[in-house]
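The values are calculated or read from the model by the stated rules, or taken from the named source; none is laboratory data. What you see is a predicted model, and the numbers here were worked out from it, not measured in a lab. Here the Cβ positions follow ideal geometry from the backbone for every residue, glycine too, while neighbour counts run over all protein chains shown.
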Amino acid sequence: MSDQTDALLREKDIIFKRIERRQKDRLVVIVYDSAAGAQVDSLMAENFPNLEGETLPVTGGYIEKHYRLSEQEAVNIADFAVRQALETMRNRVDEFGVSEPTLQRQSDNRILIQLPGIKDPERAISLIGKTARLEFKMVAETVNVAEAQKGNLPPGTQLLFERNTSSNGVVTETPIVVYSKTSLTGDLLEDANVRIDTRYNEPYVSIDFNSVGGKRFEQLTAANVGKRMAIVLDDSVYSAPVIRERISGGSAQISGSFTSQEATDLAIVLRAGSLPAPVRILENRTVGPSLGHDSISKGIKSVIVGGLLVVSAMIIYYSLSGLVAVIALSLNVLFIGAMLSLFGATLTLPGIAGIVLTVGMAVDANVLIFERIREELRLGKAPKVAVDLGYSKAFMTIIDANLTTLLAALVLFQFGTGPVKGFAVTLSIGIVASLFTAIFVSRVVFDFFLNRRQVRRLSI
């Protein structure tokens, strides 16, 4: 805000001595007389209406104009920061590719994150907790770096360090002095992607600004041709190239001897946006395989018990035709496992619950078909004709029943959190698989026997 205030004061030709930040929550503008103070008050009220003003005289005839947020506005901003941080972290986790993540807000300023199936916790912590504030600052080339390291920094400058990685992986830091004023921020980024430098075969991050950012970047480079511009991420300089010419088109690149993983993680956090405030890891727990293994074992047992009960009921009630339903049920579970493996899904307890429910529902379509076939057989139809009519009459009923359940599962997936989404995924896959096995697979089994043998009586 101090940079914005400085720019506004200069734009309006308001004479002031300096701008300071005090006590972390106060912006102080020091002016020479009351007339300039009135102009500052008017400007601040117009551009920052949420700030409360206060005037304090100081020795030497100067006047200090103090501005700070009201208590209610500070609470509102803190609440918004937590909500924005939650959304930003969710975007990063989604791009990181974690299955069924859980992100929940707890109390006022705490966020609970659960990442099932994560293989590299340290990388996830680094990725999620990185502030990722991208800034473009001009290098103060006239400042003596050695003196700056001793603490002799001119006003309006700061000492940062440029990160360099050698070919053998050794990371070194080179001191560099930049102007404190941020010329451009990453809030105006539209996209960030990893690219490969064909000359050196090294990855770098290509960034694209939106229309406003593209214009500002072009103006910035046009006004500083021949000067160095530092690309700063979280107070660490990634590169400080010399601006050779005006750069139009709204594109730039960040290079810094990245590994592929580092470049990918940087692109992810830039795409997801910066956190509104730094975050701190208060507690980090890793659930060992013993608890997870016990839960999964019980879940698998429930699937087996439920499956055996369904198999027994079908065989007892429908005789040999019940075996056809059992074959369809076995293929259904096999297809669910194959699709979950294809999607790289993590099998959690809600996911197992979805499989258990699917096992119970998988024979519904067969029951409808078999009852239709029984009706046709009671009317004196031949087995093959009864099977044909049974499938054709039950088809629309099966589609309607499963389609409504599938729509409900899709709604759960769209609006639910991690565990709910896991349940919705397995349920959706199970419904599609049961439709295929009940309508197509079981029909193929019936046709296989009926077309090769003269069947007079159907065991159903």
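State the number of residues belonging to the range 171-191 that are closer than 21 Å to S206 by Cβ, assigned to a strand (DSSP E or B) and of a type outside the set (A, V, I, L, M, F, W, C).
Keep residues of the range 171-191 that are closer than 21 Å to S206 by Cβ, which gives 183-191.
So of that shortlist, the ones also assigned to a strand (DSSP E or B) come out as 184-185, 189-191.
Subset that is of a type outside the set (A, V, I, L, M, F, W, C): 185, 190-191.
Adding up the residues that qualify gives 3.
Is at least one residue of the range 126-134 surrounded by fewer than 16 Cβ atoms within 10 Å (Cβ to Cβ) and either over 30 Å from G226 (Cβ atoms) or hydroxyl-bearing (S, T, Y) (or both)?
yes
Please return the ranges of strands (runs of 3 or more DSSP E) entirely within the range 1-89 where 3 or more residues are exposed (fewer than 15 other Cβ atoms within 10 Å of the Cβ). Walk me through how you get there before you give the answer.
On the way: elements: 18-22, 26-31, 51-57, 63-69.
Ranges flagged: 18-22, 51-57.
Kindly provide the set of residues from the range 51-67 that are among the polar types (S, T, N, Q) and closer than 17 Å to R21 by Cα, ordered by number. I'd like the intermediate steps shown before the answer.
Applying the first criterion (among the polar types (S, T, N, Q)) to the range 51-67 yields 55, 59.
Residue satisfying the conditions is T55 alone.
Test V387 against the criterion of being closer than 18 Å to Y317 by Cα and either crowded, with 18+ Cβ neighbours inside 10 Å or among the basic types (K, R) (or both), and give yes or no. Please lay out each step first, then the result.
Details: closer than 18 Å to Y317 by Cα: yes; either crowded, with 18+ Cβ neighbours inside 10 Å or among the basic types (K, R) (or both): yes.
It is true that V387 is closer than 18 Å to Y317 by Cα and either crowded, with 18+ Cβ neighbours inside 10 Å or among the basic types (K, R) (or both).
Out of everything in the range 227-255 that is in contact with a strand residue (DSSP E or B) (Cβ under 7 Å, 6 or more places away or on another chain) and at positive phi, what residue ends up being surrounded by the fewest Cβ atoms within 10 Å (Cβ to Cβ)? Working first, answer last.
First pass over the range 227-255, keeping only residues in contact with a strand residue (DSSP E or B) (Cβ under 7 Å, 6 or more places away or on another chain): 227-233, 235-243, 250-255.
Subsequent filtering for residues that are at positive phi retains 235, 250.
On the way: D235: 11, G250: 20.
Among those residues, the one meeting the criterion is D235.
From V441, V367, V445, V387, which residue is in contact with a Phe, Trp or Tyr (Cβ under 6 Å, 6 or more places away or on another chain) and closer than 26 Å to V455 by Cβ? Before the answer, list the steps.
Values: V441 fails: in contact with a Phe, Trp or Tyr (Cβ under 6 Å, 6 or more places away or on another chain); V367 fails: in contact with a Phe, Trp or Tyr (Cβ under 6 Å, 6 or more places away or on another chain); V445 fails: in contact with a Phe, Trp or Tyr (Cβ under 6 Å, 6 or more places away or on another chain).
After applying the criteria, what remains is V387.
Results for (1) touching a residue at least 40 places away in the same chain (Cβ under 8 Å); (2) surrounded by fewer than 15 Cβ atoms within 10 Å (Cβ to Cβ); (3) polar (S, T, N, Q), shown as yes or no for each residue.
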position	(1), (2), (3)
P350	yes, no, no
E375	no, yes, no
Q414	no, yes, yes
I431	yes, no, no
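So how many residues does the range 395-410 have that are in contact with a helix residue (DSSP H, G or I) (Cβ under 8 Å, 6 or more places away or on another chain) and either of a type in the set (D, E) or under 25 Å from L349 (Cα atoms) (or both)? Step through it out loud before you land on a result.
Taking the range 395-410 as the starting set, the residues that turn out to be in contact with a helix residue (DSSP H, G or I) (Cβ under 8 Å, 6 or more places away or on another chain) are 395, 397-399, 401-402, 405-406, 409-410.
Then drop every residue that is not either of a type in the set (D, E) or under 25 Å from L349 (Cα atoms) (or both), which leaves 402, 405-406, 409-410.
Number of matching residues: 5.
When you look at N224, is it surrounded by fewer than 16 Cβ atoms within 10 Å (Cβ to Cβ) and either closer than 27 Å to M89 by Cβ or at pLDDT 80 or above (or both), yes or no? Working first, answer last.
Values: surrounded by fewer than 16 Cβ atoms within 10 Å (Cβ to Cβ): no; either closer than 27 Å to M89 by Cβ or at pLDDT 80 or above (or both): yes.
Here the answer is no, as N224 does not meet what is asked.
Which residue, of I316, I369, I355, is surrounded by 21 or more Cβ atoms within 10 Å (Cβ to Cβ) and under 21 Å from V445 (Cβ atoms)?
On the way: I316 fails: surrounded by 21 or more Cβ atoms within 10 Å (Cβ to Cβ); I355 fails: under 21 Å from V445 (Cβ atoms).
Result: I369 is the single residue among I316, I369, I355 that is surrounded by 21 or more Cβ atoms within 10 Å (Cβ to Cβ) and under 21 Å from V445 (Cβ atoms).
Go through (1) closer than 30 Å to I113 by Cβ; (2) not assigned by TED's automatic domain parsing to the domain that holds V324; (3) not hydroxyl-bearing (S, T, Y) and name the single condition G351 misses.
In the conditions (1) closer than 30 Å to I113 by Cβ; (2) not assigned by TED's automatic domain parsing to the domain that holds V324; (3) not hydroxyl-bearing (S, T, Y), G351 misses (2) alone.
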